[in-house]
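Q: Handing you this structure, nothing more for now.
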Amino acid sequence: ILNVEQSPQSLHVQEGDSTNFTCSFPSSNFYALHWYRWETAKSPEALFVMTLNGDEKKKGRISATLNTKEGYSYLYIKGSQPEDSATYLCASRAGNNRKLIWGLGTSLAVNP
Amino acid sequence: NAGVTQTPKFQVLKTGQSMTLQCAQDMNHEYMSWYRQDPGMGLRLIHYSVGAGITDQGEVPNGYNVSRSTTEDFPLRLLSAAPSQTSVYFCASRSTGSYEQYFGPGTRLTVT
């Protein structure tokens, strides 16, 4: 994998559902993996930065895991609420210059 | 702290006009960067700066100039606007010791 890929592209869930989505990134020369939450008409807001294989981070109902050997990260949202509706972006920092490569995001819509 | 601020929020230019997008941060962050966000594409790095007096090109630098005379400010200049520069522009900053970026609210630019 040369780029950062996120799936699914979009997701519609009902309030109360738990959901998860994937970020795949180049595993070579990996340095860090970032997750951002981006609400419409606002700027991206940092959720997590993860650097170690096996890292798990949690913020309220949102958590993330990291597998640097196979090059993927999962973001989980437990008991989705309408206010969770946003685009969730991941970005991988890699290479000697630690360049940040962004995915296209997963757009989540939570229906009340 | 105001965080990262950007002005203007919206701008319409005619082809060939020049303008400067302003970005300022009050967190004493050394690292600042400019991204553009286009439909169907991830955030793309235009230029970045690792400190006052030091700037470098990102992925898509053509048509843009930057300068960093102070730690706080990182303006982005469009010398001769083109329709291809219609986009949403985000400024971001971070501390050198952290990979967590803080984004400004964005500037929506339309070039006709």
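The values are calculated or read from the model by the stated rules, or taken from the named source; none is laboratory data. Computed from a predicted structure; not experimentally measured. Using ideal geometry, Cβ is built from the backbone for each residue, glycine included, and neighbour counts are taken over all protein chains shown. Keep in mind that these areas ignore ligands, DNA and RNA; they rest on the heavy atoms of the full protein, side chains included. Shrake-Rupley method; radii C 1.70, N 1.55, O 1.52, S 1.80 Å.
Q: Using a Förster distance of 35 Å, how high is the FRET efficiency between B:Ser69 and A:Asn3, based on the Cβ-Cβ distance and rounded to 0.05?
A: Values: r = 35 Å, r/R0 = 1.00.
That gives a FRET efficiency of 0.50.
Q: If I model a spin label as a point 7 Å beyond the Cα along the Cα-Cβ vector, how far apart are those points for B:Ser80 and B:Asp56 in nm?
A: Distance between the two pseudo-spin positions: 2.9 nm.
Q: Continuing with the same structure: Can you pull out the buried accessible area for chains A and B, both sides counted, probe 1.4 Å, rounded to the nearest 100 Å²?
A: Working: alone 6360 and 5840 Å², together 10900 Å².
Rounded to the nearest hundred, the buried surface is 1300 Å².
Q: Further question on the same structure: Extent of the stretch B:40-112 along each principal axis, from alpha carbon coordinates, in Å, largest to smallest?
A: 40, 25, 20
Q: Net charge near B:Leu13, counting Lys/Arg +1 and Asp/Glu -1 over other residues with Cβ under 13 Å of its Cβ?
A: On the way: positive: B:Lys14, B:Arg77, B:Arg108; negative: none.
Taking every Cβ under 13 Å from that of B:Leu13, the sum is +3.
Q: For the stretch B:35-112 and the stretch A:28-76, what is the separation of their Cα centres, given in Å?
A: Between the Cα centres of the stretch B:35-112 and the stretch A:28-76 lies a distance of 23 Å.
Q: How large is the accessible surface per residue of the stretch B:25-112, computed with a 1.4 Å probe and reported in Å² as a whole number? Don't skip to the end; give the middle numbers.
A: Numbers: 3700 Å² over 88 residues.
Counting only protein heavy atoms, the per-residue value for the stretch B:25-112 is 42 Å².
Q: Where the accessible area of the stretch A:15-71 is counted over protein heavy atoms with a 1.4 Å probe, how much of it, in %, is carbon and sulfur?
A: Values: 1190 of 2910 Å².
So the carbon and sulfur contribution to the accessible surface is 41 percent.
Q: Next up: If each of A:Lys58 and A:Thr40 carries a label point 7 Å out from its Cα toward its Cβ, how far apart are those two points in nm?
A: A separation of 3.2 nm, rounded to one decimal place.
Q: Okay, next question. Go through A:Gln6, A:Ser63, A:Ala46 and say which Cα lies farthest out towards the positive end of the charge dipole of chain A; charges sit on Cβ, +1 for Lys and Arg, -1 for Asp and Glu.
A: Final value for the positive-end residue is A:Ala46.
Q: Hey, what does the equivalent ellipsoid look like for chain A, semi-axes from the Cα gyration tensor as sqrt of 5 times each eigenvalue, largest first, whole Å? Could you put the intermediate results ahead of the total?
A: Working: eigenvalues 117, 38, 27 Å².
Here the semi-axes work out to 24, 14, 12 Å.
Q: Now for a different question. DSSP beta bridges in the protein assembly as shown, what fraction antiparallel, as a percent rounded to 5?
A: Values: 71 of 80 bridges.
In the protein assembly as shown, approximately 90 percent of DSSP beta bridges are antiparallel ones.
Q: Relative contact order of the stretch A:22-112, please, whole-number percent, based on alpha carbon pairs below 8 angstrom and at least 6 residues apart. Please report the intermediate quantities before stating the final value.
A: Working: 192 pairs, mean separation 28.9, N = 91.
Relative contact order of the stretch A:22-112: 32 percent.
Q: For B:Met27 and B:Thr7, what does the FRET efficiency come to when R0 = 25 Å and r is the distance between their Cβ atoms, rounded to the nearest 0.05?
A: On the way: r = 17 Å, r/R0 = 0.70.
Taking R0 as 25 Å, the efficiency between B:Met27 and B:Thr7 is 0.90.
Q: For labels at B:Val88 and A:Thr51 in the simple 7 Å Cα→Cβ model, what's the distance in nm?
A: Once both label points are built, they end up 3.0 nm from each other.
Q: With no solvent and one equal point scatterer per Cα, compute the Debye intensity ratio I(q)/I(0) for the protein assembly as shown at 0.11, 0.15, 0.17 Å⁻¹ and report its log10, rounded to two decimals.
A: Taken in order of the listed q values, log10 I(q)/I(0) reads -0.56, -1.01, -1.23.
Q: If you take each beta carbon of peptide A:36-43 and count the beta carbons of other chains within 10 angstrom, what is the mean?
A: Values: counts 4, 0, 4, 0, 0, 3, 3, 12.
Rounded to a whole number, the mean comes out at 3.
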